[in-house]
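What follows is a short report on a single structure.
Since every read-out is calculated from the coordinates, none of them should be taken as a lab result. Quick caveat: nothing in here was measured; it's all calculated off a predicted structure. Neighbour counts are summed over all protein chains in view; Cβ atoms, including those assigned to glycine, are modelled from backbone coordinates with ideal geometry.
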């Protein structure tokens, strides 16, 4: 059981809250790490900026850097008008980043390796785009699906492609994050499992276990990169989709 | 598709619960890949909504205004400091210009003073030189006059000596005495002859 690479994704109930209006809303290990993620992100940002230092200390710099990182990302993609979505994008980025990084601790649950979590976040993004787009532009928002300068005959085909690509956005957005985290953690676990099972074979096995051990170390480094990169990609794509809501005409 | 799958698995789970009791059901449907186990979705969605909702509220109400405020304050302060620095710089530039102006003025006046002093010294030297030259010229003229006097006197004495010499020579040669007046007369005659010859 300990070597089962899927074991880390098992969801265990910590406080069973079953059958609320027919739904099982138990507090599980996933819920726990959601709470931990949000608490860590909130507390870190809250405490490090409490001094409001004119000259920032190291930790305040980290908070400010993350703020400015997301702000410049959003400003580049969606212009200054996009800054109204800044709290939303910043929350998303911090949530995904902190959840990914917490996933790097052994025995911690990776919240973002749960497809329903990433899918819900993606739907939240696309839902925001659709609702805000229609609210601001009305039916002109549908111009998003009709690129300018397309010959009349091709319009139905292009519109179809655009609609399909729009509908596939929440899927690609959620699956990208989910699959990256899932696959990374499974790979890590598989190689780490090789180390234990090989070293159980005696002296030769311990020598042979060196290779997967090195691989595990290298993969750990890679996973830290992926953890950051996927949070960045998620935030960047969110910014680009929000840009569509603000400026529907291509 | 998700919905139907979720319902199917929920139904399956209920059947398992009924068969094995609640304790085993805590692990969810055995065998299903956990991320795709739809029976856990309501709980995950519920807690995600709760936690992410809180995070969003906390960020938009507290963190974003706070960090935004810090950054804005810093920017204002930097702009203010830059303005002040510009102000001070222009003040310093003015001071430097004033100083340079003063320096130029001082140089010019120093030049003038120097020129004046030099001219004065030059004219004084010239006057002195002329005075000395004049004095020297006078002395020279006086000396020349004295030399001329001395020469004239010497020339006069020369006639006397010539007379005496001639008298002595004649008396030795011819014997007998000859008067001084005769010698003088003869000498004068020869002198006159020489002069008319010369």
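Take each residue in B:63-74, count the other chain C-beta atoms within 10 Å of its C-beta, and the mean is 6. Rounded to the nearest 10 degrees, the angle from helix A:86-102 to the longest Cα principal axis of chain A is 20 degrees. Per-peptide packing, taken as the mean over residues of other Cβ atoms within 10 Å, places A:162-168, A:71-77, A:210-216, B:40-46 in the sequence B:40-46, A:71-77, A:210-216, A:162-168 from highest down. Treating each Cα of the range A:1-71 as one equal point scatterer and applying the Debye formula with no solvent, the log10 of I(q)/I(0) at q = 0.15, 0.24 Å⁻¹ comes out as -0.72, -1.02.
Taking all Cα pairs closer than 8 Å and separated by 6 or more residues, the relative contact order of the range A:7-246 comes to 25 percent.
Neighbour counting of Cβ atoms within 10 Å sorts the residues A:114, A:122, fewest neighbours leading, into A:122, A:114. Relative to the dominant Cα principal axis of chain A, helix A:115-137 is inclined by about 10°. Compute the separation of the alpha-carbon centres of the range A:47-96 and the range A:163-183 and state it in Å as a whole number. Using only Cα atoms to place each centre, the spacing works out to 25 Å. In the calculated pair distance distribution of chain A, what percentage of Cα-Cα distances lie above 33 Å? Tail fraction, whole percent: 35. Computed from the C-beta positions of residue A:55 and residue B:61, the FRET efficiency with R₀ = 25 Å rounds to 0.45. Counting only DSSP H runs of at least 4 residues, each contributing -39500 (n - 2.57), and dividing by the residue count of chain A, the helix-based mean residue ellipticity at 222 nm comes to -24500 deg cm²/dmol. Taking every alpha-carbon pair under 8 Å whose residues sit at least 6 apart, the range A:1-85 reaches a relative contact order of 14 percent. Over the protein assembly as shown, the fraction of Cα-Cα pairs per 10 Å bin, rounded to whole percents and listed from the shortest bin up, is 4, 13, 16, 14, 10, 6, 3, 3, 3, 3, 3, 3, 3, 3, 4, 4, 3, 2, 1, 0, 0.
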